[in-house]
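Encoded as structure tokens, the structure appears first; notes follow it.
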Amino acid sequence: IVAMLADDATYSMPPLAEWYRGPAAIRGWMLAGPLTNRWRFLPAGANAQIAFGTYLWDEERGTYVWCALDVLRLDGDRIAEVVSCLGGDPADFGLPEVTE
């Protein structure tokens, strides 16, 4: 993932105030947090941009549960920005609440 980032890429997660700039900062945050979990991604679209429905593994339920919509902004062949819109309704993007 980090290899696909532009040098000045940003990653944010509204409504949280925290955000990250640059591959090193994004990599550090991913290794310390998100990559310690199991995820599933389903393709989607939002505002004519590439997006993914993001699902977090719920051990108790034994399934992946909706977490966010990740919207990517590209700059050529690099990811310039990821906005991970936390919560929301997956049905608004034609996605399920849970997936296996």
Could you figure out which of (1) surrounded by 13 or more Cβ atoms within 10 Å (Cβ to Cβ); (2) at positive phi isn't true of LEU72? (2)
When you go through ASP77, ASP92 one by one, which is the residue that is touching a helix residue (DSSP H, G or I) at 6+ places or on another chain (Cβ under 9 Å) and open to solvent by 90 Å² or more (accessible area, probe 1.4 Å)? ASP77
For PHE52, all conditions in the list (1) without any contact (Cβ under 8 Å) to a residue 40 or more places away in the chain; (2) closer than 15 Å to LEU95 by Cβ; (3) open to solvent by less than 30 Å² (accessible area, probe 1.4 Å) hold save one; what is the number of the exception? (3)
Checked region 9-49 for anything of a type in the set (Val, Ile, Thr) and either in a strand (DSSP E or B) or surrounded by 11 or more Cβ atoms within 10 Å (Cβ to Cβ) (or both); matches are THR10, ILE26
Which residues, counting only those in region 7-35, are touching a strand residue (DSSP E or B) at 6+ places or on another chain (Cβ under 9 Å), within 17 Å of ASP70 (Cα to Cα) and among the small types (Gly, Ala, Ser)? ALA9, SER12
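The values are calculated or read from the model by the stated rules, or taken from the named source; none is laboratory data. Bear in mind the structure is a predicted one, so any value in this text is a computation, not a measurement. Don't worry about glycine lacking a Cβ; one is built from the backbone with ideal geometry, like all the others, and counts go over all protein chains shown. We work out accessible area using only protein heavy atoms, side chains counted, and drop any ligands, DNA or RNA first. Shrake-Rupley method; radii C 1.70, N 1.55, O 1.52, S 1.80 Å.
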